[in-house]
Amino acid sequence: MSKLSVVLPPPPGSNDVPIWTGTDFRVDGSNRRVLAFDVGESGWSEALFELHQDHVGDDHFADVASRRHTLLELDRWLPDRGGVILEVGCSGGYFLRDLAAARPSAEIIGADFALGALEHLGRALAAVPLLQFDLTRCPLPDASVDAVVLLNVLEHIQHDDIAIAQLHRILRPGGVMIAEVPAGTSLFDAYDRHLMHFRRYDMPGFLDLVEGGGFEVVTRSHLGFWLYPLFWLTKKRNRLWPPPTEMAAEHLVESAMATTRRVGGLGHAVMGLEAWLRSRAYLPFGIRCLVTARKPA
């Protein structure tokens, strides 16, 4: 992307407004691949990024289905192929790549909390501006973006209501937010704690959070509808017999990731059938809540 219409504030320690050159930000006479702003405490880390890279990758059937759903929602609610689209929680870069291929005329921005992950991504994805910031202290100007995507991000933020308020602030009137969060408040277990989740969500509570932030919900559903019975049993087992040590919890997470990844083609087929069904009916449960909301015009 050769230009960026969003005017970003100077980063900490500078009075210079950053300029996107097409491959880097120009600040104070030097180039920065990642524009870094102040961050606070978070439920995300470089270690979790590496865990996801090592054990999940870009082809996990649930994540592929999630990205396809998000692109379909953008096509539905942001039919103009241009505009400014921000992904918060972009560290792997998988959705950014899909988005750039699907919408080459859009201004795409990636943001994450983990600086090391962003620097790694910057070496592989040269043409996308990358920002490090804390979403509860988002540096983007008011009404500056047309769409925001957050796939499994809000559960890592302690004050998710403040994050939602920031998203509402930076969206232009009529802009859309596409969010995905882990489902099932009663299923919070050692797996969630190891992944630094502050919570899981039920759909009614998630809708209250989004609508309380000033948004109008336009679509809602769940991902992992067919997987939910086995998922529910596994989570209940983990709650009844939690791993006794942090090392055991880490093994639990790695084992679960490896097991689901081995499902491979069958998982993709099941998620394809689910997507067909979701396009025709509301799916009342699943492993993740899916919500698309619009900032009223």
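So here's what we get for this one:
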| read-out | value |
| --- | --- |
| From the options Leu223, Leu227, Leu233, residue that is within 16 Å of Ile287 (Cα to Cα) and touching a Lys or Arg at 6+ places or on another chain (Cβ under 7 Å) | Leu223 |
| Of the criteria (1) of a type outside the set (S, T, N, Q); (2) at pLDDT below 85; (3) touching a Ser or Thr at 6+ places or on another chain (Cβ under 7 Å), which one Trp77 fails | (2) |
| Single residue of Val253, Val291, Val210 found to be within 21 Å of the chain's Cα centre (by Cα), buried (at least 17 other Cβ atoms within 10 Å of the Cβ) and at pLDDT below 95 | Val253 |
| In segment 1-43, the residues that are part of a strand (DSSP E or B), in contact with a Phe, Trp or Tyr (Cβ under 6 Å, 6 or more places away or on another chain) and open to solvent by less than 50 Å² (accessible area, probe 1.4 Å) | Leu35 |
| Residue check, Phe285 outside any helix (DSSP H, G or I), closer than 22 Å to Phe61 by Cα, in contact (Cβ under 8 Å) with a residue 24 or more places away in the chain and touching a helix residue (DSSP H, G or I) at 6+ places or on another chain (Cβ under 8 Å) | yes |
| Candidates Ala147, Ala165, Ala124, Ala190, filtered to the one that is over 17 Å from the mean Cα position of the chain (by Cα) and either under 14 Å from Thr70 (Cβ atoms) or surrounded by fewer than 19 Cβ atoms within 10 Å (Cβ to Cβ) (or both) | Ala124 |
| Residue match in segment 272-288 (condition: open to solvent by less than 40 Å² (accessible area, probe 1.4 Å), modelled with pLDDT of 95 or more, on the phi < 0 side of the Ramachandran plot and among the β-branched types (Val, Ile, Thr)) | yes |
| Check on Tyr228, within 18 Å of Arg288 (Cβ to Cβ) and open to solvent by 40 Å² or more (accessible area, probe 1.4 Å) | yes |
| Test set (1) under 26 Å from Arg294 (Cα atoms); (2) open to solvent by 60 Å² or more (accessible area, probe 1.4 Å); (3) modelled with pLDDT under 95 - Glu50 fails condition number | (1) |
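The values are calculated or read from the model by the stated rules, or taken from the named source; none is laboratory data. No experiment lies behind these values; they were computed from the predicted model shown. Positions of Cβ are generated from backbone atoms using ideal geometry, with glycine treated the same way; all protein chains shown enter the neighbour counts. Note: areas computed on protein heavy atoms with side chains; ligands, DNA, RNA excluded. Shrake-Rupley method; radii C 1.70, N 1.55, O 1.52, S 1.80 Å.
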